[in-house]
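A short worksheet on the structure shown next.
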Amino acid sequence: MRILLLEDDKQLGPWVAGGLREEGHVVDHFVDGKEALMAAMGQEFDLLILDRMVPGLDGLAVLKSLRASKDATPALFLTALGEVDARVEGFEAGGDDYLTKPFAFAELSARVGALGRRRDSNDSAAPEQTSLRHGDLTLDLLTRSCTRQGQQIDLMAKEFKLLEYFMRRPGRLVTRTMLLEQVWDMSFDPTTSVVETHISRLRSKVDKPFDTALIRTRRGEGYVFGG
């Protein structure tokens, strides 16, 4: 999963982020509530882990703002505020779970897993999407075919999966690690060039024959599809 972590404790934050990454998650760690809110509103996350007391906006205010904008991303409060009133306040703000400090990482991991399974269950209940479209590019998920400006584009299986991943996240930053984990089911490997090789091949089919390039590189960060 891709997780947003809002935790300003200089020891606890890196410890939690490191543990989650070791379990295979992609973690964006923030120490300021305003920066975390901006990231959550501009990118797609699978889970939010929020401290209640941080600089800028506190975690409660961050979640209230996201829920007001119809963002339903599961949220876990991770905080020293363990009183009943504080817990109730967290749930009323839209929180899905509440873990008080100090805590065992094993419990945090179990709660993260439970929220991930709940998210997957909710997603499976939604109507299945049969095609993706971005401008003049269409991806048919049933026939596994691709066209741009009415022209058929022949894609290999991994190229199709890679393009599908991009088209489900238009305008959002997609990192190399995200692609390795979601498209190739691999953990981070700094030595492999499989991502760069496949993106080069995909561009030669989807972008180069046409006037407008859809797959853009952000040097040192990753890739952005479309706008």
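The values are calculated or read from the model by the stated rules, or taken from the named source; none is laboratory data. What you see is a predicted model; the values in this text were computed from it and never measured. Virtual Cβ from ideal backbone geometry, glycine too; neighbours counted across all protein chains shown. Please note that ligands, DNA and RNA were not included when accessible areas were found on the heavy atoms of the full protein model with its side chains. Shrake-Rupley method; radii C 1.70, N 1.55, O 1.52, S 1.80 Å.
Just give me the residues in region 1-23 being more than 11 Å from Val62 (Cβ to Cβ) and within 13 Å of the chain's Cα centre (by Cα), in sequence order.
Correct list: Met1, Arg2, Ile3, Leu5.
Leu50: farther than 24 Å from Ala110 by Cα and open to solvent by less than 60 Å² (accessible area, probe 1.4 Å), yes or no? Break it down stepwise before answering.
Values: farther than 24 Å from Ala110 by Cα: no; open to solvent by less than 60 Å² (accessible area, probe 1.4 Å): yes.
For Leu50, the condition - farther than 24 Å from Ala110 by Cα and open to solvent by less than 60 Å² (accessible area, probe 1.4 Å) - is not met.
Of all residues in region 10-27, which are assigned to a loop (DSSP other than H, G, I, E, B) and open to solvent by less than 70 Å² (accessible area, probe 1.4 Å)?
Kept after step one, since they are assigned to a loop (DSSP other than H, G, I, E, B), are these residues of region 10-27: 10-11, 23-25.
Within region 10-27, Gly24, His25 qualify.
Here is a check on your reading of the model: is Ala126 at pLDDT below 85, open to solvent by less than 70 Å² (accessible area, probe 1.4 Å) and out of contact with any strand residue (DSSP E or B) (no Cβ under 8 Å at 6 or more places or on another chain)?
Values: at pLDDT below 85: yes; open to solvent by less than 70 Å² (accessible area, probe 1.4 Å): yes; out of contact with any strand residue (DSSP E or B) (no Cβ under 8 Å at 6 or more places or on another chain): yes.
Spelling it out, Ala126 is indeed at pLDDT below 85, open to solvent by less than 70 Å² (accessible area, probe 1.4 Å) and out of contact with any strand residue (DSSP E or B) (no Cβ under 8 Å at 6 or more places or on another chain).
Scan region 202-215 and report the pairs whose first residue is touching a residue at least 60 places away in the same chain (Cβ under 8 Å) and surrounded by fewer than 11 Cβ atoms within 10 Å (Cβ to Cβ) and whose second residue is assigned to a loop (DSSP other than H, G, I, E, B) and not small (Gly, Ala, Ser), with Cβ atoms within less than 8 Å and a gap of 6+ or a chain change.
From region 202-215, no pairs qualify.
Can you tell me which residue among Val195, Val224 is assigned to a strand (DSSP E or B), of a type in the set (Val, Ile, Thr) and within 27 Å of Leu20 (Cα to Cα)? Before you say what the answer is, go through the steps one by one.
Details: Val195 fails: assigned to a strand (DSSP E or B).
Of the residues listed, the single one that is assigned to a strand (DSSP E or B), of a type in the set (Val, Ile, Thr) and within 27 Å of Leu20 (Cα to Cα) is Val224.
Among the numbered criteria (1) modelled with pLDDT under 90; (2) more than 10 Å from the chain's Cα centre (by Cα); (3) open to solvent by less than 70 Å² (accessible area, probe 1.4 Å), which single criterion is violated by Met41?
Result: Met41 passes all but (3).
For residues that are open to solvent by 80 Å² or more (accessible area, probe 1.4 Å) and closer than 17 Å to Leu6 by Cα, tally how many sit in region 92-110.
1
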